[in-house]
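Inspection log for the structure reproduced underneath, given as structure tokens.
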Amino acid sequence: MSYRKIFIFMSIMLSVMAILNQLLLQGDTLVLILILAFSALGWYDVLQQKNAVLREYPIFGHLRYILLDIAPILHDYFVESNTGGRPFSKNTIKLVYARAENKPGYHPLGTERDFYKEGLEWIGHSMFSKGEFEDQPRVLVGGPECTRPYSASILNISAMSFGALSKTAIQSLNKGAALGGFSHNTGEGGLTPYHMEGGDVVLQVGTANFGFRYPDGRLDEEAFRKKSKLDSIKMIEIKLSQGAKPGHGGVLPAAKNTPEIAKIRMVEPHTDVLSPPFNPSFPTEEKLVEFIGILRDLSGGKPIGIKLCIGQPSEFESLLDRFIEKEIYPDFITVDAAEGGTGAAPLDYSNHIGMRGDDALKFVNGALIKKGIRDRIKIIYAGKVVSGFNMFKAFCYGADLCNSARGFMLSLGCIQSLKCHTDRCPTGVATQNHELAKGIVPNFKSHQVRNFHDNTIADFIDIAETAGVTSFDQFNPELVHVVEPTT
């Protein structure tokens, strides 16, 4: 006899017995309600035709989905090692928490990493002190065409939109940027009141032109001009692609698309908002180059840059040729990594599309040098930067400054629960649920944001001095070593 038939027989018997017990013996009403409720659930499972597991294993089949839902939590707390977590290991997360809380990031006994494992990276230290690195160094962004260059910190908040993040998270990030003197990228969701807490802002123009768009998605130049000329806006970033989902466009699930967000983005609320893979305002290389010039004029001469994940190298080199041909250059290029973060993306795109960060950064730096335009364009690296070592390596491979998204999310209290796309972020960081978002208090969390920034740069400077590096022109790829495969 199948489990399904056994359930049907037992359910009928239990229901009859419970009803008779209630009528004849005046039994516990709560017991009767529970029996009838489970019986109703079981009958629903048996009669429904969508789910085979529940149809064959009524009631008990639900345990499978409960366990699947809590499996990541159980794995994280009881199975995963300190070094094996993804996207970030427990040790890395603990380090970010320590930096945010102004605590020393010490680790006991010794490394937990396999120093003989292929691909492990290390830095050679200097035998003698070469001097001190510049304290809290800054980089001036803006080429000859730029009339309002920006003195940027070497570590800034990468693009994260209001919508992907809660308003209290955005407020905390911007207040933290104001406290620490670094910049905060709006992400493709556009400028919101929560980005106006005193911090320097990088205004991102996404493929959908959210916040300054016509109904067909093209850029509304007058709306852009008004926002870009605000004093808090220091730079403009044109997003061509994003590391975790290059060529796919952003995704804002309907659950997170509130009326407030829809109004800011100029879209319909409570609908899935899928950004197009390409911006309709510049369908070709030539149009993109012209678009850079247009935005520079509209913004009053502020630095204009592009953000992309490298796909086909020949296309990027062709774009550089168009810059040279038209004599219109971006002031900076933000290099994103295929291993970059996102709130929601198709798994195939996260796993298999785009060039990994180290390779992309080396390629972009080399291509600009080969074309003779490296001195005109700053490179910002935005690929999993959460530590001083990450920054040191990025500068060795050609970066002028760094952006971090998930590092600053962790500084707010993110626990890597992997629920960013569900609107059920338990820490209130990546949700539009007002009750959950209340867990973040901007006046308190902003100090953790600032602490993470300052302590990570201090860690970077410490590593640089250990390696005998005292200025940016001394960074080079040969300072970073990678364990080669054994033969």
Subject >> Unmet criterion (only one of (1) closer than 19 Å to residue 307 by Cα; (2) part of a helix (DSSP H, G or I)) for residue 99 >> reply: (1)
Original post:
Restricted to the range 166-192, and to residues that are of a type in the set (D, E, K, R) and assigned to a helix (DSSP H, G or I), which residue is nearest to residue 449 (Cα to Cα)?
Top reply: 175
Subject >> Test result for residue 276, free of Cβ contacts under 8 Å to residues at least 24 places away in the same chain, loosely packed, with under 15 Cβ neighbours inside 10 Å and assigned by TED's automatic domain parsing to the domain that holds residue 405 >> reply: no
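A quick yes/no check of all residues on (1) closer than 30 Å to residue 397 by Cβ; (2) at pLDDT 85 or above; (3) crowded, with 20+ Cβ neighbours inside 10 Å:
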{"position": "431", "(1), (2), (3)": "no, yes, yes"}
{"position": "447", "(1), (2), (3)": "no, yes, no"}
{"position": "452", "(1), (2), (3)": "yes, yes, yes"}
{"position": "462", "(1), (2), (3)": "yes, yes, no"}
{"position": "466", "(1), (2), (3)": "yes, yes, no"}
Subject >> Options 305, 293, 300; residue that is loosely packed, with under 14 Cβ neighbours inside 10 Å and in contact (Cβ under 8 Å) with a residue 24 or more places away in the chain >> reply: 300
**OP:** For residue 98, state whether it is within 26 Å of the chain's Cα centre (by Cα), small (Gly, Ala, Ser), surrounded by 12 or more Cβ atoms within 10 Å (Cβ to Cβ) and at pLDDT 75 or above.
**Re:** yes
Original post:
Any idea how many residues of the range 382-413 are buried (at least 24 other Cβ atoms within 10 Å of the Cβ) and of a type in the set (S, T, N, Q)?
Top reply: 3
Original post:
Would it be correct to say that residue 369 is β-branched (Val, Ile, Thr) and at pLDDT 90 or above?
Top reply: yes
Original post:
Which members of the range 414-449 meet the condition of being of a type in the set (Asp, Glu) and closer than 15 Å to residue 97 by Cα?
Top reply: none
**OP:** Scan the range 232-267 residue by residue and report those that are among the small types (Gly, Ala, Ser) and touching a strand residue (DSSP E or B) at 6+ places or on another chain (Cβ under 9 Å).
**Re:** 232, 241, 243, 244, 247, 249, 250, 254, 262
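Is it the case, given these coordinates, that residue 190 is in contact with a Gly (Cβ under 6 Å, 6 or more places away or on another chain), in the same structural domain as residue 293 (by TED's automatic domain parsing) and closer than 16 Å to residue 263 by Cα?
In short, yes.
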**OP:** From (1) closer than 22 Å to residue 438 by Cβ; (2) of a type outside the set (Lys, Arg); (3) touching a strand residue (DSSP E or B) at 6+ places or on another chain (Cβ under 9 Å), pick out the condition that doesn't hold for residue 172.
**Re:** (3)
**OP:** Being among the hydroxyl-bearing types (Ser, Thr, Tyr) and under 17 Å from the mean Cα position of the chain (by Cα) is the filter here, so list the residues in the range 208-244 that pass it.
**Re:** 241
**OP:** Find all pairs meeting these conditions: Cβ atoms under 6 angstrom apart; at least six residues apart or on different chains; first residue within the range 423-436 and free of Cβ contacts under 8 Å to residues at least 40 places away in the same chain and in the same structural domain as residue 161 (by TED's automatic domain parsing); second residue part of a loop (DSSP other than H, G, I, E, B) and among the aliphatic types (A, V, I, L, M).
**Re:** 427/415
Original post:
How many of the residues making up the range 371-395 are within 30 Å of residue 98 (Cβ to Cβ) and in contact (Cβ under 8 Å) with a residue 60 or more places away in the chain?
Top reply: 13
Subject >> Within the range 328-361, tally of residues that are modelled with pLDDT of 95 or more, in a loop (DSSP other than H, G, I, E, B) and either in contact with a strand residue (DSSP E or B) (Cβ under 9 Å, 6 or more places away or on another chain) or not β-branched (Val, Ile, Thr) (or both) >> reply: 3
**OP:** Could you run through the range 204-232 and say how many residues are surrounded by fewer than 22 Cβ atoms within 10 Å (Cβ to Cβ), part of a loop (DSSP other than H, G, I, E, B) and aliphatic (A, V, I, L, M)?
**Re:** 1
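The values are calculated or read from the model by the stated rules, or taken from the named source; none is laboratory data. The model shown is predicted, which means the values in this text are computed figures rather than measured ones. Every residue, glycine as well, gets a Cβ built from its backbone with ideal geometry; the counts of neighbours run over all protein chains shown.
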